[in-house]
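Coordinate-derived values only; no laboratory data. In this text the structure is predicted, and so the values were computed from the model without any measurement. Note that each Cβ is placed from the backbone with ideal geometry, even for glycine, and that neighbours are counted across all protein chains shown.
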Amino acid sequence: MSGTFTDVLRGHADHRGDQDALVFLADDAETARLTYAQLDRHARHTAALLREHVRVGDTALLLCPPGPEFVLGYLGCLYAGIIAVPAYLPDPGRLARGVERLRAVVADSAAGVVLSTESVAPFRAGLGEVAPDLLARPWLTLNPLSGNEPDVGRSPVHGSADDLAMIQYTSGSTATPKGVVLTHANLIANSHVISELSRPVPGESVMVSWLPPFHDMGLIAGILQPLFAGYLGVLMSPLEFMTHPVRWLEAISRYRGTFSGGPNFSYDLCVRRAAAVDLSTVDLSSWRTAFVGAEPVRISTMGNFARAFAANGFRATSLLPCYGMAETTLLVSGGPGEAAPFTGPQDLVACGEIRPGFTARVVDPETRRPRPDGETGELWVRGPSVAAGYWRLPAATEETFHATLDGDPGTHYLRTGDLALLHDGQLYLAARLKDLLILRGRNLHPQDIEHTVEQAHPALRKGGSAAFSIDGEHTEQLVVVAEVDQDKCAVSSDAVDAVRRAVAVQHDVAPGLVVLIAPRTLPKTSSGKVRRSGCRAELLADELTVVARWPSEADKAVRAEATESVESVLLSVCAELLATEHVPNDRPLAELGFDSLATTQLLGRAADTFGVRVELTATTGQCTIADLAADITELLLAELGELSDDQTQALLEDQGAPHGHR
């Protein structure tokens, strides 16, 4: 095993320097192509730039959009012996709020320098008022593909496998982010794990990735894996995939991709779009490994995708459910999606076998004793891919990374926080013990939502709320349960409306269910901690002491009527913007001809008309008018409370007059 990941890259530059390493796509066309030799030269150039400002072992914030700059900035950190801290840009439209997590990451990591690009300049300019502390360090602008090949000598990188390579910020609330510390040995060990599963052939295999590079799956699997194994990586931006999901499949077809994948929702998105586009020239027969992970894997999704693209040469046996986390660098388990689901209270999808290099135990978290085959407990793992710990959090590191089984105090395990079972060699994930919410691909922390809920109305008791998710008809939905002091709230619906409004405004997600319960009835541990999983179980078993609940059947009728009204307004605006008489409500905006400018105009008109703001995000182009109407209605109802019949009628009659925020 090579000493550092840098040694691996420099070895490729020596032995296959003229071979293409990475191809970058934008707007369905190549924008850059780098060989291993060029990659090496650019990385050394970035390393030399870094060393002018920080020392070996310091940290550097990597604040670049997906593309060559991000990759070469990251590799430059490795070459320079600098600890890379990947981060994502907050939404410029909500800079004051979105920048708070970034400030916390910068403060926690003690980043000595920021690597960015020219495209980040407008964001940087807006920091003066909301976060001047972020400007109190050098900002280095990367422009590696300006047309001039860097001419720098081979600067030595004297490192070892135990040197820190990066900090991957993941779990933890906005105020207390947790940085997972990964060494070069971790990166190499997990790269071996992924290679053992995917069986790449240097010079023949091809990775195609749209995954965000600042997340573990996008960075470790999408970028570092092909660079480690010596084969081509084809990279496109997440925004392009979300706007035009079929371009992912077209890229696999064009470049004969063999290894690619994403979260469950990405496969659903492709199926939704399949019927609306011409796929006759798309050939997916080269796609040998289609991994599915990062969020709960659904049996129906895999079946629907396999059927939808069978005519394009896709094989159902290529689907590979997998499991991993940042604390294990990435991959822990994976295997063909052929194993039967585990039948119980709910059917569980097999996430493959525990991969070589890992030792796994399913443990009773209270007794610390292993559970037998087929019984559920917390998944504990150990192996060289397991991270060194959390950055500057010794207590959390001790609790999470140094767990020991009863009777075996000398062997340390990582507590994954996930409930799972092992059966016939397959890993089945049952639930998320550590309560992280994953809704529409976004990670939400229940503590943040609960804090918002408890500040929303004076009748809601402090420390008396729980936020969690349950399965909806098509996806998971957010549930908020809160204790209410009825002496302080004459009408319970006032508190319900306040909760819905506050959560929607602060977290950009509308609760699917709000339940108010009697004081001192929220499930808690003996030490006073909220038992979210216990609360979820009592809700599903109808055992909570419910005071009020939303939505009721009457609420659903109001919502349907309001949605119909909003949709009518949107269709009129779309017809005007597209200069056409008929606009279908069930086709994605991108397919209707909405580019980014037209979409911005549509959302602006919607904001003026309804008084609520819908963000332009990576997924907006894939939304239909019906989807957009439903989202606007949820936000509108959350801000205004329930619409009365008169208000609904006013919406129908007053389609062009703007409404202010309330």
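Just a few scattered comments:
- Highest-first packing order for the peptide set 183-195, 530-542, 109-121 is 183-195, 109-121, 530-542, based on the mean count of other beta carbon atoms within 10 Å.
- Listed peptides 369-382, 271-284 by packing density, highest first (mean Cβ within 10 Å): 369-382, 271-284
- All lysines inside 16 Å of residue 488 as judged from Cα atoms, apart from same-chain residues fewer than 8 positions distant: 462
- Neighbourhood charge, 14 Å Cβ-Cβ cut-off, centred on residue 105 and excluding it, Lys, Arg +1 and Asp, Glu -1: +2
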